[in-house]
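Read through the structure below, which is laid out as structure tokens, and then see the notes.
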Amino acid sequence: MRPSFNTAGPCLPGEHYMLPPERRLARVLELIDDHKYFTLHSGRQTGKTTCAFWLVEHLNVSGRHRAAWVDLQTAREQPDLDRALPIILSELDRAAARDLPSLARSAPEDVKALLAIPERAVLGYLSMLAARSDRPLVLLFDEADGLVGPAMVSFLAQLRAGYLDRSRESFPASVALIGLRPVRDYALAQAEGRTVSWLGTTSPFNISAEAATLGPFTRDEVGELLSQHTQQTGQRFAAAAVDRIFALGAGHPWLTNAMADQITARDVTDRTVEITAAHVDAAKETIIRERRAHIDWLVARLRDDRRSGHRRGRPR
Ligand SMILES: Nc1ncnc2c1ncn2[C@@H]1O[C@H](COP(=O)(O)OP(=O)(O)O)[C@@H](O)[C@H]1O
Ligand SMILES: [Mg+2]
């Protein structure tokens, strides 16, 4: 299979053109090495999940840690503890089976028994898992900021309780909450905010220094990504086309790929034709016109460009 520009979900090595995620993860690797609990936050479609996949792979082969990626999207918008906690636990269990195959599995009865007290289920599960791990355990909770209400409060409180007690009971050495926001900006109602008043003070996620983020691609990186297509197919991008993609997308990972995909997979499929800035402008217009529903808010950024000239900045 030939690689292509990815416009749907996380990038997979070999399947998609991609920049090495590790380049964006120096701070994250430091935080993990220092056994920190932290948030990895950046805008939509900026490569968070791609980075998480790389981290799991890298940490598990490096031999110093055991790591698992836990996707919390199925628990989003579910405030009720009795509904959210079973989902979180089943995602945890699934992640452990997939990413930590060398560790003994939890017996289904044990997992079920933990759910008798949802307020302690995550704490109990993570203690058991960490106790079975022969190396420091790293957990990456993706879409963590999709949790809401009491479910969010309880999830954070259980991580905190385990963290504070970790000198006496096994618990993950490092936890990353991955989402759009740093933890202090998690959407909590006022009453819930009072319940977790320790957030931002004595919480494991206490200081902003322990928040990591993903920056946009630089002009050179956009050129590097595009050149992977040239290496594969021989089709060239004029320097002005690279400049134009960078000017329009401001290095936003998905926007960069979306323009490159529109051009190379649809508009200019003759590989002997060099891609120009005019092709980029045409691709931008098509993307705006098609208004692919789920990315409207991103496409709006391209439309802004049409009104206000070139823009720069961090991905939002
Ligand atoms: N390392 C990378 N190199 C090139 N493009 C990337 C990379 N990581 C992400 N992208 C682009 O960003 C899009 C979203 O990636 P994803 O990891 O799902 O982001 P998030 O989890 O932040 O929403 C991908 O479909 C791809 O277009
Ligand atoms: Mg994601």
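The values are calculated or read from the model by the stated rules, or taken from the named source; none is laboratory data. All values reported here derive from a predicted model rather than from experimental measurement. A quick note on method: Cβ atoms are made from the backbone with ideal geometry, for glycine too, and the neighbour counts reach across all protein chains shown. Heads up: the accessible areas ignore ligands, DNA and RNA and are worked out on the full protein's heavy atoms, side chains in. Shrake-Rupley method; radii C 1.70, N 1.55, O 1.52, S 1.80 Å.
Laid out as a table, the results:
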| quantity | calculated |
| --- | --- |
| Karplus-derived 3J(HN,Hα), 6.51/-1.76/1.60, for each residue of region 264-277, Hz, glycine and proline x | 7, 8, 10, 7, 10, 7, 6, 5, 7, 8, 6, 7, 10, 4 |
| Charge dipole magnitude, Cβ of K and R +1, D and E -1 - region 219-308, Cα centre, debye nearest 20 | 280 |
| For the chain, radius of gyration divided by Kirkwood radius, i.e. Rg to Rh on alpha-carbons | 1.02 |
| Label point distance in nm, Asp82-Arg27, each placed 7 Å from Cα along Cα→Cβ | 4.2 |
| Only Lys, Arg (+1) and Asp, Glu (-1) charged, at Cβ; region 51-167 dipole about Cα centre in debye | 420 |
| Set of lysines with alpha-carbon distance to Lys48 below 17 Å, sequence-local pairs under 8 removed | none |
| Degrees, to the nearest 10: 149-164 long Cα axis against longest axis of the chain | 70 |
| Fluctuation leader among Leu137, Leu19, Leu180 - the chain, Gaussian network, Cα springs under 10 angstrom | Leu19 |
| Protection-proxy order for peptides 42-50, 255-263, each taking the mean of Cβ atoms within 10 Å per residue, highest first | 255-263, 42-50 |
| Theoretical gain in end-to-end length, Arg166 to Arg266 [0.36 nm per residue, Cα-Cα removed] | 30.6 nm |
| Whichever lysines have a C-alpha closer than 30 Å to that of Lys112, once near sequence neighbours (fewer than 8 apart) are set aside | Lys36 |
| Given charges at beta-carbon only (K, R positive; D, E negative), |dipole| of region 105-193 in Debye | 240 |
| Degrees separating the helix 219-233 axis from the principal Cα axis of the chain, which is the longest one | 70 |
| In Hz, Karplus ³J(HN,Hα) per residue of region 20-31 (6.51, -1.76, 1.60; θ = phi - 60°; x = Gly, Pro) | x, x, 4, 4, 9, 10, 4, 5, 4, 5, 5, 4 |
| Phi to ³J(HN,Hα) by Karplus 6.51 cos²θ - 1.76 cosθ + 1.60 over region 101-106, Hz, x for Gly, Pro | x, 7, 8, 4, 6, 6 |
| Relative contact order [Cα under 8 Å, 6+ residues apart], region 80-136, whole percent | 42 |
| Value of Rg to Rh for region 219-308 (Rh from inverse mean 1/r over Cα pairs, i.e. Kirkwood) | 0.94 |
| Rounded accessible area of Trp69 (nearest 10 Å², 1.4 Å probe) | 40 |
| At 0.692 mPa s and 37 °C, Stokes diffusion of region 2-90 via Kirkwood alpha-carbon radius, µm² per second | 218 |
| Rounded accessible area per residue of the chain, 1.4 Å, Å² | 45 |
